[in-house]
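*Asks:* Quick one: the structure is below, and I'll ask about it shortly.
What follows is calculated from the coordinates using simple rules that are stated; it is not laboratory data. Note that the structure is a prediction, hence the values are computed from the model and not measured. With ideal geometry, Cβ positions are generated from the backbone for all residues, glycine too; neighbour counts draw on all protein chains shown.
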Amino acid sequence: MKCHICKDKAVIKLRQHSLALCARHFDEWMLRRVQKAISDFKMFSKKDKIILAVSGGKDSLALWDILTRLGYYTSGLYINLGITHDGYSDESEELCWVFVRNRKCDLIVVDITQAHGMTVMQKARAKHRSICSACGLTKRYYMNQVAITKGFDVIATGHNLDDQAAALLGNILHWNVLYLANGSPYSPPIGEGHPAKTKPLFLCTEKETTTYCLLRNISFVEQECPYAEDATFLEWKRLLNRAEERSPGTKWAFYRGYLKNMHLFAGECAEKEPPYKCKICGLPSWHDTCSFCRFWKVDNTSKQNQ
Amino acid sequence: MKVYYKGTEFRFDESMSALKLLSKLSLNVNEVVVVKNGTIITEDEVLSRDDEVKIINTVSGG
């Protein structure tokens, strides 16, 4: 297969765009896609301080590389959850350090075990809460906490088109109207001192971010999180990929349709500034104690082995 | 050819396209990247008996 632009050997066929590209033209195409996402949603400018949540995976490291190349100064935030299965968390953190080594960017690391004396898995079991839910709560809290306390204007995450479309499918199947109101790749600051939240990869698929990393020699963790292997979320992705295989463009058409119609879910469900300050950590909260502090700091007793 | 996918090695004696190989392994073309002898390829490319192929999963849990 030949590149549709230069007739050199293609490395990827973008079936949803009826386009085959060589390594050079795919690289240029990826930069344009991310810049288009940033521009179309006015996500941020080159004056903004951006913090990117990095996991050591293909998406966040591809995005970090692209933002840096586009001239956006971006710091990385790695949250080490203490997942010891096959050295998952430590390997992921190491790959973030490998990425930083040859680039002019900063990496901030939050080590949950050091900060709280136990891993997320141990705490989740002690609190009888699902690990994925505890992990999500902890990551969201530290993204906000680091952004607010260190004065970042914008939080960026590596969510791609597959993530957005799968989350949309799951939310429609369960009619989670609150989430349907807030599924945009751009969420403006909800108040003074709050960061905007952005997903600049929402036009790119997982296959594209993987290909980008391989072509740029970016080492990323290939192993899936051991706790996510049976996640329902993966099943939504597989369903959409089966539809995509029969009818290329289905995922984008599905998510684009949502973006055109998401105002239907707005109104009372729109994201607002929480009315309280948490009495323990001082961050904005919906209750007098925020859900993170209720989970991590209230009745913080029993430890269990992973 | 030797084919590596998610830590497992598969062996195939006959030449075939990458798309055919994915079909034999029940893999969706949207969920993997195929690397032949260290180079990323498109799915129409033919794989021969001496090739070393790595199939990289692209689906992550989010």
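*Asks:* Using only Cα atoms and rounding to the nearest 10 degrees, what angle (0 to 90) does helix A:161-173 make with the longest principal axis of chain A?
*Replies:* Compared with the principal axis, the helix lies near 60 degrees.
*Asks:* In whole percent, what relative contact order does chain A give with Cα contacts below 8 Å and a gap of six or more residues?
*Replies:* On the way: 477 pairs, mean separation 60.9, N = 306.
This gives 20 percent for chain A.
*Asks:* In nm, what is the difference between 0.36 nm times the number of residues separating A:ILE148 and A:LYS49 and their Cα-Cα distance? Write out the running numbers ahead of the final one.
*Replies:* Numbers: separation 99, 0.36 × 99 = 35.64 nm, distance 1.13 nm.
Extending this stretch completely gives an extra 34.5 nm.
*Asks:* Same structure, new question: Which order do A:ASP299, A:ASP65, A:ASP163, A:ASP153 fall in if you start with the one that has the fewest other Cβ atoms within 10 Å? Can you show the working numbers first?
*Replies:* Numbers: A:ASP299 9, A:ASP65 20, A:ASP163 24, A:ASP153 16.
Going from least to most buried by this count: A:ASP299, A:ASP153, A:ASP65, A:ASP163.
*Asks:* Further question: Could you give each residue of the range A:74-83 its phi-based ³J(HN,Hα) in whole Hz, using Karplus coefficients 6.51, -1.76, 1.60 with θ = phi - 60°, and x for Gly or Pro?
*Replies:* 10, 9, x, 10, 10, 9, 7, 7, x, 7
*Asks:* Just how far, in whole angstrom, is the range A:86-149 from the range A:214-244 if you go by their alpha carbon centroids?
*Replies:* Cα centroid of the range A:214-244 versus Cα centroid of the range A:86-149: 19 Å apart.
*Asks:* Let me ask something else about it. Using Cα atoms only, what is the angle between the long axis of helix A:88-101 and the major principal axis of chain A, expressed in degrees (0 to 90) to the nearest 10?
*Replies:* Here the helix axis deviates by roughly 60 degrees.
*Asks:* Same structure again: Gaussian network model of chain A, Cα springs within a sub-10 Å range: biggest mean-square fluctuation belongs to which of A:SER285, A:SER18, A:SER55?
*Replies:* Looking only at A:SER285, A:SER18, A:SER55, the largest GNM fluctuation is found for A:SER18.
*Asks:* Still on this model: Got a sec? Which residues in the range A:182-219 would a label at A:LEU70 touch, if it sits 7 Å along Cα→Cβ and we count backbone N under 13 Å?
*Replies:* Of the residues in the range A:182-219, A:186, A:198-204 have backbone N under 13 Å from the label point off A:LEU70.
*Asks:* Given H placed on each backbone N at 1.01 Å, which residues far from A:LEU77 in sequence or on other chains put an amide H within less than 5 Å of it?
*Replies:* A:LEU52, A:ALA53, A:VAL54, A:ILE108
*Asks:* Relative contact order for the range A:1-148 using alpha-carbon pairs under 8 Å, separation at least 6, rounded to a whole percent? Mind showing how you got there, number by number?
*Replies:* Details: 177 pairs, mean separation 22.5, N = 148.
With pairs under 8 Å counted, the relative contact order is 15 percent.
*Asks:* Starting at the first residue of the range B:28-36, write each ³J(HN,Hα) from the Karplus equation 6.51 cos²θ - 1.76 cosθ + 1.60 with θ = phi - 60°, in whole Hz, x for Gly and Pro.
*Replies:* 8, 4, 7, 10, 9, 10, 9, 10, 10
*Asks:* Using alpha-carbon pairs under 8 Å, 6+ residues apart, how would you state the relative contact order of the range A:140-297 in percent?
*Replies:* 26 percent
*Asks:* So how strong a dipole does chain A carry about its Cα centre when Lys and Arg Cβ are +1 and Asp and Glu Cβ are -1, to the nearest 20 debye?
*Replies:* Numbers: 42 positive and 32 negative charges, 140 e Å.
With only Lys, Arg, Asp and Glu charged at Cβ, the dipole is about 680 debye.
*Asks:* What is the average number of partner chain Cβ atoms found within 10 Å of a Cβ in A:14-25?
*Replies:* Shielding by partners across A:14-25 averages 1.
*Asks:* Using modelled amide H (1.01 Å from N, peptide plane; none on Pro or chain starts), what sits under 5 Å from the amide H of A:CYS204, excluding residues fewer than 5 places away?
*Replies:* A:LEU161
*Asks:* Out of residues 5 or more away from A:GLY57 or on other chains, whose amide H comes under 5 Å of its own, with H placed 1.01 Å from N in the peptide plane?
*Replies:* So A:GLY57 has HN proximity to A:VAL221.
*Asks:* Next up: In whole Hz and in residue order, list the ³J(HN,Hα) couplings for the range A:236-253 that follow from phi through the Karplus curve 6.51 cos²θ - 1.76 cosθ + 1.60, θ = phi - 60°; x for Gly and Pro.
*Replies:* Karplus-based 3J(HN,Hα) across the range A:236-253 equals 5, 5, 5, 4, 5, 5, 5, 5, 5, 5, 6, 9, x, x, 4, 4, 5, 4 Hz.
*Asks:* What net charge do the residues around A:ASP48 carry, taking every other residue with its C-beta under 13 Å from that of A:ASP48, with Lys and Arg at +1 and Asp and Glu at -1? Display every interim value, and only then the final one.
*Replies:* Working: positive: A:LYS42, A:LYS46, A:LYS47, A:LYS49, A:LYS197; negative: A:ASP153.
Residues near A:ASP48 contribute +4 overall.
*Asks:* Moving on to the next point. Which FRET efficiency, nearest 0.05, do A:ARG101 and A:SER291 yield, Cβ-Cβ r, R0 45 Å? Display every interim value, and only then the final one.
*Replies:* Details: r = 36 Å, r/R0 = 0.80.
So, using R0 = 45 Å, E works out to roughly 0.80.
*Asks:* Could you list the residues of the range B:11-49 with an amide nitrogen less than 18 Å from a label point located 7 Å from the Cα of A:CYS6 in the Cα-to-C-beta direction?
*Replies:* Backbone N within reach: B:39-42.
*Asks:* Along the charge dipole of chain B, pointing to its positive end and built from +1/-1 on Cβ of Lys, Arg, Asp and Glu, which listed residue (B:VAL35, B:MET1, B:GLY61) has its Cα farthest out?
*Replies:* B:GLY61
*Asks:* Given only helices, namely DSSP H runs of n ≥ 4 each adding -39500 (n - 2.57), what is the per-residue ellipticity at 222 nm of the protein assembly as shown, to the nearest 500 deg cm²/dmol?
*Replies:* Details: 13 runs with 143 residues, N = 368.
The helix-only estimate for the protein assembly as shown comes to -12000 deg cm²/dmol at 222 nm.
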